[in-house]
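Just so it is clear, none of the values below were taken in a lab; they were calculated from the coordinates. The structure displayed is predicted, hence computed values, not measured ones. Every residue, glycine among them, receives a Cβ derived from its backbone with ideal geometry; neighbour counts consider all protein chains shown.
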Amino acid sequence: MGFSAPDIALPKAEPGQFFMFGVKNCEKDPLLKRPFCYFRRRGNTLEILYRVVGKMTSIMKGLRPGDEVEVLGPLGNVYPMAQAVCKTPLVIAGGVGIASVYPLIERFKGSAILFYGGRSKKEILLRKELRAISKKLVVATDDGSMGFKGTAVDAARDFLNGRNPDDFVLYSCGPNGMLKAASALGIQGYIASEEKMACGIGVCLGCAVKTKEGYKRACKDGPVFKTGEIIFD
Amino acid sequence: MPARENNNNKRLEVKLGRLKLKNPVMTASGTAGYGAELAEFFDLSKLGAIVLKGISLTPWQGNPTPRITETRCGMINSIGLQNVGLDAFLREKLPFVRQWDVPVIANILGTSAAEYTRLASALEEAGVDGIELNVSCPNVKEGGIAFGLDLKSFASLVRAVRARVKKPVLIVKLSPGAPGIEEFSRAAEGEGADAISLINTIPAMAIDVNTRRPLIKNRIGGLSGPAIKPIAVRMVYQASKAVKIPVIGMGGITTGEDAVEFMLAGATAVAVGTATFMDPMAVLKVVQGIGAWMERHGIKKASSITGAMLT
């Protein structure tokens, strides 16, 4: 979905950041905005990518061109990109987590290797675009209906067999199970966490992420964390 | 900011004991952090007062996640009073928020009367304008709720803190679960509180029927937002009937009209909480909304709205 703001200059969003997205409603239902990753910018339109899973996304699906929405952002920190100058960016994305790494892969201008996983073929989006912007795209599906049968992390592990992990820098976004497995690959890098948020600006402390230094806020201290920083249960 | 500025005149002014507020609207504790995040969105001096996240003597880690879930017109949270502790608060947080011309109210919580009094003394020394006793958080067993539900220990806690605190106004935040809100309100007044505030969140629960798991890791959390507003208005009404000290009303306020409703019920001031999560500018919009309502109704002084419900 794309949105624009005719009255103001659209803010410049960076890979890793997110927006709090809400619909106008007097019934206060849904009450809170929902976080969506910055996906990409096309001209004067900022785009987010979503999957219909609940009340808010069902409403979003019913929106028509010209409808007014409430958007707060960009919020949160950015994927550090300096290391990718001398190392190959190895990107692992799961499900709609692809939205978070998409602008990052674009930024790497064809140097990133992408492992992209979903439950089935149906969940794999933007294959053509992704192939065009990455050096190598490996699709993995749990049911084997497309590409590698297994998880994206499994596919990445196969690829890394016989290669030196120090030649790569990891970027990953997806469900917590995937982030945990990706962190265990032995590649240093960055992972973006997805947590339920109420405010998105750091005051509600709802989106707590357990780290080696205690709880941190996914919205303000993240969503991007260094590999090894987060403690997965 | 929209054109109307209400801060420069006195029509919105209200008083909490000795403490003068530019307008009746403050942040609700736990929804504004220690001020830094909201300061990125607006000038904090436009607030009636800023009530900061509850602090304890030592840092508290907070509860496991998920800590929040949205329910119909409301949300349940179980943050667990995660906070930096007194020392870090005094060193790092308080100096920042003091930069603005806004009364600073610290919210304190402890596991014993001795902890509350130590906190209160340290904060008085640090020069806060008000101290709010949190005896009503439902999310930690030791977070004062024990004091909030038992009249005798409640009264002795207020007495103990009052004996220590001279300069800052002393506000006691009541639990909606208190058996007899009038009795607790009168006890707070009788022991020397300058004001009472209510309501804190209401213990609540939600379950995902597909996974059959509770939507909050701690199972039970506190419900807030528009869903609880009618209960809060009723309790503010009952409490303000029972005492002469000012009542700070809160629970689901998202607009100026909501705030006026609480004031008509008897509140002298109001606090905005969950609405800040919906929109970081919500508190200011409530200030503007009260001003607009007064204009529409030809009301000259916000203080005259308090208890002005017609029957």
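For the range B:167-227 versus the range A:21-80, the spacing of their alpha-carbon centroids is 32 Å. Beyond 18 Å between alpha-carbons counts as too far, so tell me which of B:Lys22/B:Lys46; B:Lys10/B:Lys300; A:Lys28/B:Lys285; B:Lys167/B:Lys241; A:Lys87/A:Lys210; A:Lys196/B:Lys217 fall in that bin. Among B:Lys22/B:Lys46; B:Lys10/B:Lys300; A:Lys28/B:Lys285; B:Lys167/B:Lys241; A:Lys87/A:Lys210; A:Lys196/B:Lys217, the Cα-Cα distance tops 18 Å for B:Lys167/B:Lys241; A:Lys87/A:Lys210. The label point for B:Ile231 and the one for B:Ser304, both projected 7 Å from the Cα toward the Cβ, are 3.5 nm apart.
Counting only DSSP beta bridges with both residues in the range B:148-235, the antiparallel share comes to about 65 percent. Largest GNM mean-square fluctuation among A:Pro35, A:Pro89, A:Pro165, using chain A with Cα springs under 10 Å: A:Pro165.
With coordinates expressed along the principal axes, the C-alpha atoms belonging to chain A extend over 58, 41, 34 Å, beginning with the largest.
From the Cα gyration tensor of the range A:142-217, with a ≥ b ≥ c the square roots of its eigenvalues, which class applies: rounded if a/c is under 1.5, or else prolate if a/b is larger than b/c, or else oblate? The shape class here is oblate. Across peptide B:279-291, the mean count of Cβ atoms from other chains lying within 10 Å of each residue's own Cβ comes to 1.
Would you mind classifying the range A:16-55 by shape? Square roots of the alpha carbon gyration tensor eigenvalues, ordered a ≥ b ≥ c; an a/c under 1.5 is rounded, otherwise it is prolate if a/b is larger than b/c and oblate if not. Show your work: numbers first, answer last.
Working: a/c = 2.35, a/b = 1.87, b/c = 1.26.
It comes out prolate by the Cα gyration axes.
Go ahead and estimate [θ] at 222 nm for the protein assembly as shown from helices alone: -39,500 (n - 2.57) per DSSP H run with n ≥ 4, summed, over the residue count, rounded to 500. Please list the in-between numbers first.
On the way: 15 runs with 136 residues, N = 544.
Theoretical 222 nm ellipticity from helices: -7000 deg cm²/dmol.
Taking the Cα centre of each part, how many Å lie between the range B:241-297 and the range B:23-79? What the calculation gives is 16 Å, centre to centre. Highest average first, the peptides B:93-99, B:59-65, A:91-97 ordered by how many other beta carbon atoms sit within 10 Å of their residues are A:91-97, B:59-65, B:93-99. Selection among B:Thr117, B:Ile145, B:Ala193 by position relative to the dipole of the range B:112-227 gives B:Ile145 as farthest towards the positive end (Cβ unit charges, Cα centre). Comparing A:Val203, A:Val52, A:Val139 in a Gaussian network model of chain A where C-alpha atoms under 10 Å apart are linked, the largest mean-square fluctuation is found at A:Val52.
Segment B:Arg296..B:Lys217, full-extension length gain: 23.8 nm, with 0.36 nm per residue of separation and the alpha-carbon distance subtracted.
Viscosity 1.567 mPa s, temperature 4 °C: give me the Stokes-Einstein translational D for the range A:2-75 in µm²/s, with Rh taken as the Kirkwood radius over C-alpha pairs. Let's see the in-between values first.
On the way: Rh = 12.9 Å.
Result for D is 101 µm²/s.
Averaged across the residues of A:192-203, what count of C-beta atoms belonging to other chains lies within 10 Å of each residue's C-beta?
6
Selection among A:Ile59, B:Val128, A:Thr141 by position relative to the dipole of the protein assembly as shown gives A:Thr141 as farthest towards the positive end (Cβ unit charges, Cα centre). Among A:Thr88, A:Ser183, A:Pro165, whose Cα projects farthest towards the positive end of the dipole of the range A:87-226, with charges put on the beta-carbon of Lys, Arg (+1) and Asp, Glu (-1)? Positive-most Cα among the choices belongs to A:Thr88.
Around the Cα centre of chain B, unit charges on the Cβ atoms of Lys, Arg, Asp and Glu (plus for the first two, minus for the last two) sum to a dipole of about 380 debye.
Scanning residues 5 or more positions from B:Ala267 or on other chains, those with amide H under 5 Å from its amide H are B:Gly307, with H placed 1.01 Å from N in the peptide plane. Charge dipole (Cα centre; +1 on Lys/Arg Cβ, -1 on Asp/Glu Cβ; no other charges) of the range A:2-75 amounts to roughly 260 debye.
Counts of other chain beta carbons within 10 angstrom of each beta carbon in peptide A:27-35 average 6. In order along the range A:138-147, the Karplus-derived 3J(HN,Hα) couplings, from 6.51 cos²θ - 1.76 cosθ + 1.60 at θ = phi - 60°, round to 10, 8, 10, 10, 4, 9, x, 6, 8, x Hz, and Gly and Pro are given as x.
Take the alpha-carbon centre of the range A:116-184, take the same for the range B:86-120, and report the distance between them in whole Å. The two parts, judged by their Cα centres, are 48 Å apart. Each peptide in A:209-219, B:260-270, B:217-227 receives the mean, over its residues, of other Cβ atoms within 10 Å, and ordering these scores from highest gives B:260-270, B:217-227, A:209-219. Think of each Lys and Arg Cβ as +1 and each Asp and Glu Cβ as -1; about the Cα centre, that makes the dipole of the protein assembly as shown roughly 520 debye. Dimensions of chain B along the principal axes, based on C-alpha atoms and rounded to the nearest Å, stand at 51, 50, 41, largest first.
Backbone amide hydrogens, once placed in the peptide plane, bring A:Glu70 within less than 5 Å of A:Gly22, A:Val23, A:Lys24, excluding anything fewer than 5 places away on its chain.
Close amide H pairs (under 5 Å, H built 1.01 Å from N) link B:Asn107 with B:Leu52, B:Ile55, B:Glu132, residues at least 5 positions away or on another chain.
For chain A, the cysteines with no partner cysteine C-beta closer than 4.7 Å are A:Cys26, A:Cys37, A:Cys86, A:Cys173, A:Cys207, A:Cys219.
Straight Cα distances below 14 angstrom link A:Lys109 to the aspartates and glutamates A:Glu129, with same-chain residues fewer than 8 positions distant left out. For the listed peptides B:289-297, B:16-24, B:179-187, a ranking on the average number of other beta carbons within 10 Å per residue, highest first, reads B:16-24, B:179-187, B:289-297. For the protein assembly as shown, the fraction of C-alpha pairs farther apart than 31 angstrom is 49 percent.
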